[in-house]
There are 2 protein chains.
Amino acid sequence: MTLYEQLADEIEAAVRRGVFAAGERIPSVRQASQQHGVSIKTVLHAYGLLESRGVVETRPQSGYFVRDAAVRARTAPGRATQTQVVAAEVDVSRLVLSTLRSIRSEDAMPLGSPYPDPSLFPWRRINQYANAIARRHASWNLIDDLPPGNPELIRQIARRYAENGIAIDPDEIIITVGATEAINLSLQAVAKPGDTVAVESPTYYAMLHAIERLGMRAIEVPTHPAHGIDIDVLAQIVGKQKIAACMVMPNFQNPLGFRMPDERKQQLVDLLAAHDIPAIENDVYQELYFGDTRPSTLKSFDTRGLVLHCASFSKSLTASYRIGWAMPGRYRAQVEKLKFLNTLTTPSVPQIAVADYLRQDGYDRHLRQVRKFYRQQARLMIAMVQRFFPAGTRTSSPQGGYVLWVELPPRVDSMRLYQAALARSITIGPGYMFSTRNDFSHFIRLNYSYPWNAQTEHALKTLGELAASMV
Amino acid sequence: MTLYEQLADEIEAAVRRGVFAAGERIPSVRQASQQHGVSIKTVLHAYGLLESRGVVETRPQSGYFVRDAAVRARTAPGRATQTQVVAAEVDVSRLVLSTLRSIRSEDAMPLGSPYPDPSLFPWRRINQYANAIARRHASWNLIDDLPPGNPELIRQIARRYAENGIAIDPDEIIITVGATEAINLSLQAVAKPGDTVAVESPTYYAMLHAIERLGMRAIEVPTHPAHGIDIDVLAQIVGKQKIAACMVMPNFQNPLGFRMPDERKQQLVDLLAAHDIPAIENDVYQELYFGDTRPSTLKSFDTRGLVLHCASFSKSLTASYRIGWAMPGRYRAQVEKLKFLNTLTTPSVPQIAVADYLRQDGYDRHLRQVRKFYRQQARLMIAMVQRFFPAGTRTSSPQGGYVLWVELPPRVDSMRLYQAALARSITIGPGYMFSTRNDFSHFIRLNYSYPWNAQTEHALKTLGELAASMV
């Protein structure tokens, strides 16, 4: 770690400990230079880094001040301060699959599930559309909805972006088997086996799976719980070595839950474009925002076709239909071809049923309900964790989605906690799933989409007691 | 080409020209040695090759006799006599996708389609099961049918194999998005980018797609229209160079339509096992046999877990549900993991609907009807080709499935014919799709699954006239 990075980390830690309050001025560059015995240049560099991390802001003629968000982020865990990033071969899928399998048991409290409570989906309505298709069509030809996919579904997806003020080209959309396939094909279109791919740390494990599937290497970039991937560190990395792609989740990242501010989205797109690096944007939680409007996408800031935007209906409408899509920018032709090679075509009936639902039904009403519900549930889950978990436990502040990231005291090993919880029919998401390193060994991910009841509360209490016994 | 291969080819050509009739004795080893001025050993070697090709058979104390099958195969095209096999990088998918797209148009006569007439599927019944599921289940959790897949569907698939006398282990089955994904994952489990994979020539293009998708190389092995891949040539290849896998379609190969005899299946499995080479068996037409019983599989002869068996319901039950499966032998764990990485899980409702249909409905009755229908249609299509196409045209003799392979006079280029036919709203499958080389430039594949009517007959007549104009 360089001198200026050490200094930046030290000051950021002080902010998080409350040494400097929100809005308060931090020591001037000259003062800091004297206090820490480093050059003016080093301090300027460190303060620049803190600014890009969103910890401080400059005010002309006045100096550097602590940002509100930085203090709010005090309760947010997951700030991986390591800047020693090492490309790693990836194999987390075994752990993830066995974790998901454990959730399969119907008795278990599904706090470890990556999926929303399926009872919230308007499945009855969607299935009615599927049934109507069965009556309407004499038969389907598999060829009808060959890549890029069912034309009406593509039109409906394009319409939703347009209604949310996001200009996109419908001809760019390719329907896939969930976002999983969209991410896989996007990565395959831009990188080859052995290449190094930058990801957030912690990252959603589907990103690591895509890298593992293609025999690539991951380089994990520290990611701030409130505003996302550390663009300065990323800049250093791409300045030093060849990075084939950068995979990020700018909206309601799984597991951190942040919404990357627009100016940082712009910075990220600019940095990558300056190095001709494609960005793979996983935007599966786009509809599950807690604020008033749908967040922007990296794609909105992309003028060069370098952003491959991936999304799906699995988190917001129905998981069992497995309908996702990619908008691969300048890589459209490659992704379409890979889609054809990978699974030939996405099943027709689910495509048409979702298109019919979007055209005719109350998707927006459904979404308003779940957004409100998830927002309430997030507050409730945070309060329960604070009540039941041992001292030193910290939580994220999700801005959307339905998962909470919990940092336990360092001595609690999340795999041990996972095993102990499973023995009591409670599943959790161990931190090991979100990195190829052991940075998050004392973190867990909790799903708050299931309606709160006495069992949930009891499960949280049990988890807290188990964690306390491991401190 | 070696001396004995030249001699074998010469005699085989004579058999095909009718110089030696079925059951007739070919020259004795001594006679042939004198006639051709080669050693006794060379003749013995050549006759051994002819025997393994199924052209002649030995009768103890009597010599070598022309087999019936060899003469019947005289009308069958596609015998690629080249033994100079060169590994080639693969890129046929562009042609295939554009060909499939042309079939999309509802007006076009779909003779080029690789799919059966969808109106033959019991789609109404299957959709009724899908609808019943919608009423029965409160909701589905995506996790319920994680890889390997829905347990009841796996049980039903295993039951069908057992009822057909094929012993398999249900625990080996992994449900996939069609056979396409099963083949892709199987290949990825056993070979890596840059490896060389042996395929039939002509081969079903999905095999070439799988090789292309993973950046591997194909080596095309001459394949006999009546009994399949040339095991002798394959033996020479695997003796000389490293082959990572062999991909074959032993039953009703697309496009040749042969059913590989049991003894040759055994020989192929033995040869590959002796060199520790995995075999990927594409058995999607397993249920569409014209004979009395379901054919054996390569898998039936596999004692070492080296056969990765792939199949689907897309050709026999419903194409739009995209349900396939793999039985990957000793590679089961790898394929299951790759399935999880590739598409996470296969959509649940189609899995359950197919399982319910198989358990409760008349799949066997449906299959008996389509088998009988396809058998009649094959005869009709062959008769029409013989009637309308220019002299020198030859056709395959399909033993199952619903495609006919047609060899036109050498001067007819199948791409030119394809374009000319398309201008008249007729699609055909140009021979270029079935090889990375130009060996089949004057071959086309015709789909005979659609009910015969005046339009079909007119289309065949038009095709014949177009072909005649190109001679």
Net charge of Cβ neighbours under 13 Å - reference B:Ala46; Lys, Arg +1; Asp, Glu -1
-4
Give the shape of region B:171-310 as rounded, prolate or oblate, defined through the alpha-carbon gyration tensor: a ≥ b ≥ c are the square roots of its eigenvalues, a/c under 1.5 means rounded, and otherwise the shape is prolate if a/b is larger than b/c and oblate if not.
rounded
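Among bridges DSSP assigns within the protein assembly as shown, what percent are antiparallel (round to 5)? Don't skip to the end; give the middle numbers.
Working: 56 of 90 bridges.
Restricted to the protein assembly as shown, the bridges split so that about 60 percent are antiparallel.
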Fewest to most neighbouring Cβ within 10 Å: what's the order for A:Thr345, A:Thr456?
A:Thr456, A:Thr345
How are the Cα pair distances of region B:123-362 distributed, in percent, across 10 Å bins from 0?
8, 33, 36, 17, 5, 1
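Contact order normalised by length for chain B, with contacts defined as Cα pairs under 8 Å and 6 or more residues apart; what percent is it? Kindly include the intermediate steps, with their values, before the conclusion.
On the way: 906 pairs, mean separation 94.2, N = 471.
Rounded, it is 20 percent for chain B.
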Any idea what the dipole of region A:169-269 comes to, in debye rounded to 20, about its Cα centre with Lys/Arg Cβ at +1 and Asp/Glu Cβ at -1?
320 debye
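Give, rounded to the nearest 20 debye, the magnitude of the charge dipole that region B:319-471 has about its Cα centre when Lys and Arg contribute +1 at Cβ and Asp and Glu contribute -1 at Cβ.
Details: 20 positive and 9 negative charges, 64 e Å.
Its charge dipole is roughly 300 debye.
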Degrees between helix B:363-388 axis and first principal axis of chain B (Cα, 0 to 90, nearest 10):
40 degrees
More than 18 Å apart - percent of Cα-Cα pairs taken over region A:3-75:
29 percent
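Please list the equivalent ellipsoid semi-axes of chain A, computed as the square roots of five times the alpha-carbon gyration tensor eigenvalues, in descending order and whole angstrom.
Numbers: eigenvalues 273, 152, 83 Å².
The answer is 37, 28, 20 Å, longest axis first.
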Selected from A:Leu358, A:Leu298, A:Ile277, residue furthest toward positive end of dipole (region A:252-359; charges at beta carbon)
A:Leu358
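Kindly state, as a whole number, the per residue volume in cubic angstrom of the convex hull around the alpha carbon atoms of the protein assembly as shown. Can you show the working numbers first?
Working: hull volume 162.6 nm³, N = 942.
It comes to 173 Å³ per residue, whole-number rounded.
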Using a simple charge model, +1 on the beta-carbon of Lys and Arg, -1 on the beta-carbon of Asp and Glu, nothing else, what dipole does region B:123-362 show about its Cα centre, in debye to the nearest 20?
540 debye
In sequence order, calculated HN-Hα J values of region A:309-316 (Karplus, 6.51, -1.76, 1.60; Hz; x Gly/Pro)
8, 10, 7, 6, 9, 5, 9, 10
For a footprinting-style exposure proxy, rank A:Thr393, B:Thr2 by other Cβ within 10 Å, fewest first.
B:Thr2, A:Thr393
Amide H neighbours of B:Val221 under 5 Å, at least 5 residues apart or on other chains, H built in the peptide plane: list them.
B:Val199, B:Glu200, B:Ser201
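Please sort by residue number the trypsin sites (Lys or Arg not before Pro) in region B:231-295 whose DSSP state is loop and whose Cβ has at most 14 other Cβ atoms within 10 Å. Can you show the working numbers first?
On the way: sites: B:Lys240, B:Lys242, B:Arg259, B:Arg264, B:Lys265; in loops: B:Lys242.
When the trypsin sites (Lys or Arg not before Pro) of region B:231-295 are filtered for loop state and at most 14 Cβ neighbours within 10 Å, B:Lys242 remain.
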When the charge dipole of region A:3-75 is computed with +1 on Lys and Arg Cβ and -1 on Asp and Glu Cβ about the Cα centre, the Cα farthest towards its positive end, among A:Ser52, A:Gly37, A:Phe20, belongs to A:Phe20
Crossing angle, helix B:40-52 versus chain B [Cα axis fit, 0-90 degrees, rounded to tens]
30 degrees
Can you say what percent of the DSSP beta bridges in chain B, counting only those with both residues inside, are antiparallel? Round to 5.
60 percent
Only bridges whose two residues both fall in region A:140-233 count here: according to DSSP, what percent of them are antiparallel, nearest 5?
25 percent
Pick out, from A:Leu95, A:His309, A:Met109, the residue whose Cα sits farthest towards the positive end of the charge dipole of chain A, with +1 on the Cβ of Lys and Arg and -1 on the Cβ of Asp and Glu.
A:Met109
Longest principal axis of chain A (C-alpha) makes with the long axis of helix A:231-240 (C-alpha) an angle, in degrees to the nearest 10, of 90 degrees
Per-residue Cβ contact counts at 10 Å, fewest first, order A:Met247, B:Met470, A:Met109 as B:Met470, A:Met109, A:Met247
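Read-outs: derived from the displayed coordinates by stated rules, not from any lab. Everything quoted here is computed from the prediction, not taken from an experiment. Positions of Cβ are backbone-derived with ideal geometry, glycine not excepted, and every protein chain shown enters the neighbour counts.
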